[in-house]
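First comes the structure, then the notes that go with it.
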Amino acid sequence: MSRVLIIGAGGVGNVVVQKCAQLPEIFTDICLASRTKSKCDEIAAMLDRPIETAQLDADDPKQTLALITRFRPDLVINVALPYQDLPIMDACLEAGVDYLDTANYEPPDEAKFEYKWQWAYDDKFRDSGIMALLGSGFDPGVTNVFCAYAQKHYFDEIHFVDIVDCNAGEHGHPFATNFNPEINIREITQKGKYWEQGDWKEIEPMSVSKDIDFPEIGPRKAYLLYHEEEESLVKHINGLKRIRFWMTFGEAYINHLQVLQNVGMTSIEPVEFEGKQIVPLQFLKAVLPDPGSLGVNYKGKTCIGCIMEGVKNGETKRIMIYNTCDHAKCYEEVKAQAVSYTTGVPAMIGAAMILTDQWHKPGVYNMEQFDPDPFMDMLNKHGLPWKVIEGKTLDS
Ligand code: NDP
């Protein structure tokens, strides 16, 4: 018996609501709130059980607090944008309610995502006896849990981790991003970074690439990017020597992005236009397809996993843990493409872990800090089955 407030009615919010609604024994009452209430109502209309909906500007903690006070949730799931993380955490603190999100805080005027702002809430959350679970999407999220599972069951020490993310799907648009365009483009146009022997090594954006043979998909060109789960995993994996993150992009995507960058459309610096200040990237978001709308004719699969090398009982060991997810099947089930699906399902599972007390302690936590087994079990049961390949390396 629990009440959950879900904030954000985008591509991911739709999946979270539908997956929570499928489990009434855990999520007894649901309220979906977002900036545009009509989007909440459209999602609510697809369900076969009633939920509440509400208009909310989550940049304003007072509004969120007022809604929390009225709805009295046991947990707030934040699937709005990373800019709202801190104001929503503030409202949760004030109200004494647990918090979960899928992406770490990013200041709107600086393309920089780091956990430091949210980790700074740890003492306050502990003192209030509430918890925050950070990054309960796929990457971050499931990738952190894959590492924790490997650490628990396969390795004494994990020395090398390569997180690999492939979207081999075709949505039929010349250029579109699979999740919020502003957040996505900010992520991939900033400098790449990886961690080796205790230091962060910076590289120019998209300057290092590699052909990776993805299970059930085949070889695809992937680029080394910085991704937020690396920041927490370097703290929590025993014996780690290097961690990197690789994501695939097609040639057409990169060509479009280069042109948009060259003409200044990906900039977050405001420019004066017809007497008004506009941010080019926010304008670009307004003209690009809504990620939530891409699902209709999306074909193909995603494959996301962790390729790891380490030691067990003194012997070198290599494994890959991964999931593949079919865009068309996701659309059939919840009217979403696989990128929204692979984020929304783990958000629901993270919420279930908290609400059933399987993962529950005061403070601010990343996913790998809890027992991975019940989470891995729910992935298998709720649409994101995973597999382990022994002996797999980044080059095989
Ligand atoms: P969308 O842009 O589709 O949806 C965001 C939603 O948040 C929209 O409904 C938007 O409202 C709402 N919103 C924005 N600002 C506010 C506000 N101030 N108050 C209330 N609601 C607001 O994004 P996605 O669904 O694709 O992504 C959602 C989150 O998931 C993002 O944080 C993204 O970074 C994260 N993500 C995480 C991944 C992972 O694997 N960990 C992968 C993919 C995404 P409106 O409709 O009015 O614009």
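The values are calculated or read from the model by the stated rules, or taken from the named source; none is laboratory data. Please read all numbers here as calculations on a predicted model, not as lab measurements. Cβ placement follows ideal geometry from the backbone for every residue including glycine, while neighbour counts extend to all protein chains displayed. Heads up: the accessible areas ignore ligands, DNA and RNA and are worked out on the full protein's heavy atoms, side chains in. Shrake-Rupley method; radii C 1.70, N 1.55, O 1.52, S 1.80 Å.
Which of the residues belonging to the range 43-66 are surrounded by 14 or more Cβ atoms within 10 Å (Cβ to Cβ) and more than 9 Å from the ligand (Cβ to nearest atom)? I43, A44, L47, I51, E52, T53, A54, P61, L65, A66 - these are the residues of the range 43-66 that are surrounded by 14 or more Cβ atoms within 10 Å (Cβ to Cβ) and more than 9 Å from the ligand (Cβ to nearest atom). Among the residues of the range 67-83, not a single one is more than 9 Å from the ligand (Cβ to nearest atom), in a loop (DSSP other than H, G, I, E, B), over 22 Å from the mean Cα position of the chain (by Cα) and β-branched (V, I, T).
If I ask for residues that are touching a strand residue (DSSP E or B) at 6+ places or on another chain (Cβ under 7 Å), within 13 Å of the ligand (Cβ to nearest atom) and not in a helix (DSSP H, G or I), which ones from the range 331-378 would you list? The answer is N366, and nothing else. Checked against (1) farther than 23 Å from K361 by Cα; (2) assigned to a helix (DSSP H, G or I), D57 passes all but condition (2). Within this structure, G192 passes the test of being away from the ligand (no atom under 16 Å from the Cβ) and in contact with a Leu (Cβ under 6 Å, 6 or more places away or on another chain).
One line per residue, one yes/no per condition, for (1) open to solvent by less than 10 Å² (accessible area, probe 1.4 Å); (2) under 20 Å from the mean Cα position of the chain (by Cα); (3) more than 16 Å from the ligand (Cβ to nearest atom); (4) under 29 Å from G363 (Cβ atoms):
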position: A132; (1), (2), (3), (4): yes, yes, no, yes
position: V142; (1), (2), (3), (4): yes, yes, no, yes
position: C147; (1), (2), (3), (4): yes, yes, no, yes
position: H153; (1), (2), (3), (4): no, no, yes, yes
position: G169; (1), (2), (3), (4): no, yes, no, no
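Looking across the range 109-130, just one residue is closer than 19 Å to K62 by Cβ and within 21 Å of the chain's Cα centre (by Cα), and that is Y121. Of the residues screened, L240 is one that is of a type outside the set (S, T, N, Q), under 24 Å from the mean Cα position of the chain (by Cα) and buried (at least 18 other Cβ atoms within 10 Å of the Cβ).
Within the range 297-314, restricting attention to residues that are assigned to a loop (DSSP other than H, G, I, E, B) and in contact with a helix residue (DSSP H, G or I) (Cβ under 7 Å, 6 or more places away or on another chain), the residue that is farthest from the ligand (Cβ to nearest atom) is G300. Comparison of R186, R220 shows that the only residue that is touching a residue at least 40 places away in the same chain (Cβ under 8 Å), more than 14 Å from the ligand (Cβ to nearest atom) and crowded, with 18+ Cβ neighbours inside 10 Å is R220.
Taking the criterion of being surrounded by 20 or more Cβ atoms within 10 Å (Cβ to Cβ), part of a helix (DSSP H, G or I) and not hydrophobic (A, V, I, L, M, F, W, C), the only residue of the range 315-330 that qualifies is H327. When L294, L384, L394 are checked against the criterion of being in a loop (DSSP other than H, G, I, E, B) and crowded, with 21+ Cβ neighbours inside 10 Å, a single residue qualifies: L384.
Of the helices (runs of 4 or more DSSP H) lying entirely inside the range 109-209, those carrying at least 2 residues that are farther than 30 Å from A91 by Cα are 142-153, 181-189. Do you know which residues across the range 87-120 are over 30 Å from L281 (Cα atoms) and either in contact with a Gly (Cβ under 9 Å, 6 or more places away or on another chain) or without any contact (Cβ under 8 Å) to a residue 24 or more places away in the chain (or both)? Result: G96, single match. Filtering the range 97-108 for residues that are within 11 Å of the ligand (Cβ to nearest atom), farther than 29 Å from M378 by Cα and surrounded by fewer than 21 Cβ atoms within 10 Å (Cβ to Cβ) leaves a non-empty set.
Residues that are touching a Phe, Trp or Tyr at 6+ places or on another chain (Cβ under 9 Å) and modelled with pLDDT of 95 or more were ranked within the range 194-207; the one that is least open to solvent (accessible area, probe 1.4 Å) is I203. The set of residues from the range 334-346 being in contact with a Phe, Trp or Tyr (Cβ under 8 Å, 6 or more places away or on another chain) and open to solvent by 10 Å² or more (accessible area, probe 1.4 Å) comprises V339, T343.
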